[in-house]
Amino acid sequence: MKIIAVIPARYASTRFHAKLMQDLGGKTVITRTYEAAVSTHLFDDVFVATDSDLIFNEIVSNGGKAIMSKKEHESGSDRIAEAVEDLDVDIVVNVQGDEPFINKEPLEKLLDVFRNDTSHQIDLASLMREIKDKEEIANPNNVKVIVDQSGLALYFSRSVIPYPRDENAGVRYFQHIGIYAFRKPALLDFYSLPMKSLEASEKLEQLRYLEYGKKIKMVETTHVGIGIDTAEDLEKARKLV
């Protein structure tokens, strides 16, 4: 089973322009993320998929591997799918370009899903963490997921799911952590299939997989990534470095 990591890397960012090219302790954010992915030793190969000559040259000049996007893409999954279309791989892991402090343990758990799935029933694996604070649960920026008894995703939403009509029912609430591992055919299907109404309404690309019958295995974790979305995040990251 050949496993690779792909880091989708857009140069433009609405919240923090050119954040991936910012300096983080003498190296750019994207270079640190790439090196962190390589240093996990979980992958047969690691690539950056980008629409930017600056990012492409940054990775290649530092000895890394990069793939230039040929098309405009609305989502990271689309960018990754184009990048791996002609590669001989089985499992593709989406590593976020703005998370230079990669934690190996949850990634290993994702890959174990496919190692244990000998009948190839699972199309994707992703992460979730329990949240208990009512404000966190109600926040539409925190995407919630509900699963069945075997851990397969039933639905993702920005709304509170399930609705707590009976607050004593013992329901646990889970936030979706947007790190994915895909079987390559599922990723290519996503790339070719049109967006449907649920994805369009919630603006959540994972709903496209569910709408077309793909099985998403959710893995519980306590890990919370350290992403760089603002200038303040970058300053915190510099202190960590």
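The values are calculated or read from the model by the stated rules, or taken from the named source; none is laboratory data. All figures in this text were calculated on a predicted structure; none of them were measured in a lab. Because the Cβ atoms are built from the backbone with ideal geometry, glycine has one as well, and the counts that use them run over all protein chains shown.
Arg32 satisfies every condition listed in (1) assigned to a loop (DSSP other than H, G, I, E, B); (2) surrounded by 19 or more Cβ atoms within 10 Å (Cβ to Cβ) except (1). Screening the candidates Leu193, Leu154 for the property of being exposed (fewer than 14 other Cβ atoms within 10 Å of the Cβ), in contact with an Asp or Glu (Cβ under 9 Å, 6 or more places away or on another chain), at negative phi and at pLDDT 95 or above yields one hit, Leu154. Of all residues in the range 15-51, those satisfying the criterion of being of a type outside the set (D, E, K, R) and more than 22 Å from Tyr180 (Cβ to Cβ) are Phe16, His17, Ala18, Met21, Gln22, Leu24, Gly25, Gly26, Thr28, Thr31. When the strands (runs of 3 or more DSSP E) confined to the range 85-163 are screened for residues that are closer than 30 Å to Phe56 by Cβ, those reaching at least 1 such residues are found at 91-94, 124-131.
For every residue, the table says whether it meets (1) buried (at least 20 other Cβ atoms within 10 Å of the Cβ); (2) at positive phi.
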{"residue": "Leu20", "(1), (2)": "yes, no"}
{"residue": "Gly25", "(1), (2)": "no, yes"}
{"residue": "Leu42", "(1), (2)": "no, no"}
{"residue": "Ile59", "(1), (2)": "yes, no"}
{"residue": "Ser69", "(1), (2)": "no, no"}
{"residue": "Gly76", "(1), (2)": "yes, no"}
{"residue": "Ile91", "(1), (2)": "yes, no"}
{"residue": "Val95", "(1), (2)": "yes, no"}
{"residue": "Ser119", "(1), (2)": "no, no"}
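Comparison of Leu54, Leu42 shows that the only residue that is over 27 Å from Leu204 (Cβ atoms) and in contact with a helix residue (DSSP H, G or I) (Cβ under 8 Å, 6 or more places away or on another chain) is Leu54.
The residues on offer are Lys203, Lys214, Lys239, Lys144, and the sole one that is closer than 19 Å to Val92 by Cα and among the basic types (Lys, Arg) is Lys214. Within the range 1-18, restricting attention to residues that are at pLDDT 85 or above and among the small types (Gly, Ala, Ser), which residue is surrounded by the fewest Cβ atoms within 10 Å (Cβ to Cβ)? Among those that are at pLDDT 85 or above and among the small types (Gly, Ala, Ser), it is Ala5.
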